[in-house]
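The values are calculated or read from the model by the stated rules, or taken from the named source; none is laboratory data. Please read all numbers here as calculations on a predicted model, not as lab measurements. We place every Cβ from the backbone using ideal geometry, glycine too, and count neighbours over all the protein chains shown. Side chains are part of the model used for accessible areas, which takes the heavy atoms of the whole protein and leaves out ligands, DNA and RNA. Shrake-Rupley method; radii C 1.70, N 1.55, O 1.52, S 1.80 Å.
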Amino acid sequence: MKSLLLSFISLMTLLAFTKGKDATPPFSTPRSTQDSVVVALRYQMQNYPASQYRDVYKNFMQDFFGPGHILNDTAASARYLRSELAGDEPFEGPLYEPTGFRGNFYRVNLSLVRDSIVPYNVFFDAFVESVQAITPPDGEEWMKTWRMIDSVIMTEGLHFVNEEIDRKDLAHQFAEGDYIAHHSQRYNDSVHFHYRIISRDNFRRHILPLLNF
């Protein structure tokens, strides 16, 4: 898992500095972008085999929408984070990993705070700054991108438990202009990865320098 994660992060880093990547029309996708989607899909299915279709969608959705949908009240979010840190559930999963195929955001494990590797205030401030800096994509733009990703899913021959139900549920949400998805219960029951979404820039500026081990 470690070697695959390092390869994934290296690819995300390379893509982050690829000139003009964000200007690529979704329906004339260059092979390099398709390859990066395949890498992200294979990484998720290898490391999170209980993923349903909605969990795969959530991974790519987080890459574009970030954590903004969960920070309606900063004080409430701070209280919820502290209660989560005070719980006795194990914090499994990687210390951090990029989202989607562009790596615009990182999932950062709460164990870094619990184990006193990253101070609470540094972690929470990076999270809040990430939310405040978000410019959510236009719904039509995101749907074009998701259709491209979905076509790669089908090309890869991937199938999921409860896929038909997940597809119908998501299609209903999309029709209502709601693009935010939650993890499936199956995923939550198998994965104990407690994290917050932090932007790539804030992660590199505030979190990564503290991970000198």
Residue within the range 2-11 that is open to solvent by 10 Å² or more (accessible area, probe 1.4 Å) and either within 22 Å of residue 186 (Cβ to Cβ) or modelled with pLDDT of 60 or more (or both) present: no
Cβ-Cβ under 7 Å pairs, at least 6 apart or on other chains, the range 128-146 side part of a loop (DSSP other than H, G, I, E, B), far side hydroxyl-bearing (Ser, Thr, Tyr): 133/199
Residue pairs meeting the criteria (Cβ under 6 Å; at least 6 apart or on separate chains; first within 30 Å of residue 101 (Cα to Cα) and basic (Lys, Arg), in the range 63-87; second at pLDDT below 90 and open to solvent by less than 30 Å² (accessible area, probe 1.4 Å)): none
Considering residues of the range 73-111 that are over 24 Å from residue 189 (Cβ atoms) and in a helix (DSSP H, G or I) only, the residue modelled with the highest pLDDT: 82
Given (1) modelled with pLDDT of 90 or more; (2) open to solvent by 20 Å² or more (accessible area, probe 1.4 Å); (3) touching a Gly at 6+ places or on another chain (Cβ under 8 Å), index of the condition residue 134 fails: (1)
Answer from 179, 187 - the residue that is surrounded by 15 or more Cβ atoms within 10 Å (Cβ to Cβ), in a loop (DSSP other than H, G, I, E, B) and hydroxyl-bearing (Ser, Thr, Tyr): 179
Index of the failed condition, residue 140 passing every other in (1) surrounded by 12 or more Cβ atoms within 10 Å (Cβ to Cβ); (2) more than 23 Å from residue 92 (Cα to Cα); (3) at pLDDT below 95: (1)
Failed item in (1) open to solvent by less than 20 Å² (accessible area, probe 1.4 Å); (2) among the polar types (S, T, N, Q); (3) more than 24 Å from residue 211 (Cβ to Cβ), with residue 74 passing the rest: (1)
Test: residue in the range 148-162 that is touching a residue at least 12 places away in the same chain (Cβ under 8 Å), open to solvent by less than 20 Å² (accessible area, probe 1.4 Å), in contact with a Ser or Thr (Cβ under 6 Å, 6 or more places away or on another chain) and not charged (D, E, K, R): yes
